[in-house]
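Notes for the one structure printed next.
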Amino acid sequence: MKFRKHPTADALADFFFRCSLFLFPANAAFSVGAFGEIGSEPYLLLNIFTIFLLLVSGAFVGVWKSSIIGFLFFVTFVVICFVGFLFNYEYIAISFYKDKSGVSRFLSGIMIPLWGSLFSVLVFYFSRNGFQKNIVRPLYFGSFLVVFFAFFEIASWQSDAIRTAYLPFTNVIHALMRRGESVIGRVQSITYEASNFGFYVCLVVPLFICFSKIKEVSDNVGKIKIITGLLVSFSLFSGRTSFFGVLLALGFSLLFVKIALYPSRYRGILKILILSIPGAIIFLPLSVMVFNGDYIVSLIYDSDNLSNVSRYSTIYSQVEIFLDNVFFGVGLNQYGYYYPTYVPAWADNWETNAWIYDLEASFFPSFSLYSRVAAELGLIGLLFVFFVIQYVYSKSIGFVFSEFTNIDLRILSAGVAAGIVALCFVLWTVGTFRIFNFWFLLGLFCYIRFRVENESSARRAIC
């Protein structure tokens, strides 16, 4: 089905969407306060223009209907959130701290999955309209930009003259950072900080490895391999999240691509073990926190790292909130109102006290999406998030192992599956739905599934 009706609006929509992929690493360059939590995410802000232009062209309704998974995810998520909202309404209605009310926090929290779901639908739509020009090229040029500035950043560690020239630019591009500049020894390039560099590489490395092995992008294989190698090399000098997450992404990318190339050689127990990976990454650490939390606390506290202590205090508090509100949680985006009464005594330091008492400090940040979802949406919300991740992952693995699926689609599915493995790890270090990786992989999965189903229908028609 073709949706295009207004060529000029459609062409501009293509342009803004490509720009959103090109600029998604630069998520600290500017902020639009009126848009709340999405206001510092260029890829979401640019897609507001994309959606407007699709409305003008008459294509938007067809675009939204074309990706039922994105639609169902958002609707189901909203239903779960509102159940929690109604269950905790009496407390949410009176919650107010740091000029933020409980109701306004809930509504702003709902906007993130709304825009994320819309973005996944756009990824699916524009993939169908030109996978190489709308997906591969913007991601490649964006990664080239990241590598380009990473070179200067690394050089600035060794040369005062280069650092003097580089810092003014850094102070602008990282204007929203509390530090306001790059940190020597931690590669972050144009991303918000070093951990964001890791999130970025965890997404693009599996995809680039797969792009370099499919016929659609055969003209740019050499360039993609060089960029991939540089991103992996830089990420090893960009903090713990980058180091372990990228090695995980790299290792599983190579494994899944090998299976995709020779699926008949791999069966049985290996497939079962591979399918269990997301559940193991998500639930094993959470189980340890619930049943043997004191052991982890002793490890964190004995590390004598203030940042580790304060960050883990948020996860610890969320687990405790979850245990007191198992089924429905305390409501989406409400964790911050509970943190002051749940913060443990061992985390009494200047950073946690700033979150509680300093009106200019962060509104009780979260450093793990799993523990945050458990605390705010309860067991129902946590199982739903796991179901969505597992569904995308298991279907992708199914395509990887399928001898009847086009080899290029098997390889693309390998990239999505490896990206999901890395994402499962990354979400233990980031506590927000804004992260680009999930929404992009969801949209790309919808595109792969669409093509697999179409090719299967075509084969049945021929037979």
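Put simply, the amide H of Ser238, placed in the peptide plane, has neighbours under 5 Å in Val187, Phe243, leaving out anything fewer than 5 places away on its chain.
Amide H contacts for Val430 (H built 1.01 Å from N in the peptide plane; partners 5 or more residues away or on another chain; cut-off under 5 Å): Leu369. Per-residue extension of 0.36 nm, minus the Cα-Cα distance of Ser159 and Leu275, leaves a gain of 37.0 nm for this segment. Ordering Gly293, Phe425, Ile321 by the projection of their Cα atoms onto the charge dipole of region 265-463, which places +1 on the Cβ of Lys and Arg and -1 on the Cβ of Asp and Glu, puts Phe425 at the extreme positive end. The order of the peptides 86-93, 72-79, 186-193 by mean Cβ neighbours within 10 Å, most packed first, is 186-193, 72-79, 86-93. Listed values for region 258-263 are Karplus-derived 3J(HN,Hα) couplings in whole Hz (6.51 cos²θ - 1.76 cosθ + 1.60, θ = phi - 60°), namely 4, 5, 4, 6, 9, x, and x replaces Gly and Pro.
For the chain, taking Cα atoms only, Rg and Dmax work out to 22.1, 70 Å respectively. Between Phe327 and Ile296, the modelled label-to-label distance comes to 2.5 nm, taking each label 7 Å out from Cα in the direction of the beta carbon. The charge dipole of the chain, taken about the Cα centre with unit charges on the Cβ atoms of Lys, Arg (+1) and Asp, Glu (-1), comes to about 2100 debye, rounded to the nearest 20. Model label sites at Lys100 and Ala11, defined 7 Å from Cα along the beta-carbon direction, differ in position by 4.3 nm. Computed from backbone phi, the HN-Hα couplings of region 163-170 come to 5, 4, 7, 7, 4, x, 5, 4 Hz, rounded to whole numbers (Karplus: 6.51 cos²θ - 1.76 cosθ + 1.60, θ = phi - 60°; Gly and Pro given as x). By the beta-carbon count within 10 Å of each Cβ, the least crowded to most crowded order of Leu412, Leu23, Leu444, fewest first, is Leu23, Leu444, Leu412. Under the simplified labelling scheme, the Asn349-Val221 pair shows an inter-label distance of 5.0 nm, with each label point 7 Å from Cα along Cα→Cβ. Sequentially through region 418-424, phi angles give Karplus couplings (6.51, -1.76, 1.60; θ = phi - 60°) of 5, x, 5, 4, 5, 4, 4 Hz, Gly and Pro residues having no value and appearing as x. Each Lys or Arg adds one and each Asp or Glu subtracts one; over the other residues with Cβ under 12 Å from the Cβ of Pro263, this totals +4. The lysine pair count for the chain, using Cα distances under 22 Å and pairs eight or more places apart or on different chains, is 21.
Helices in the chain, meaning DSSP H runs of at least 4 residues, each add -39500 (n - 2.57). Divided by all residues, the mean residue ellipticity at 222 nm is -24000 deg cm²/dmol.
None of the figures in this text is laboratory data; all of them are computed from the coordinates on show. This is a predicted model, so every value here is computed, not measured. Backbone-built Cβ (ideal geometry, glycine too); neighbour counts: all protein chains shown.
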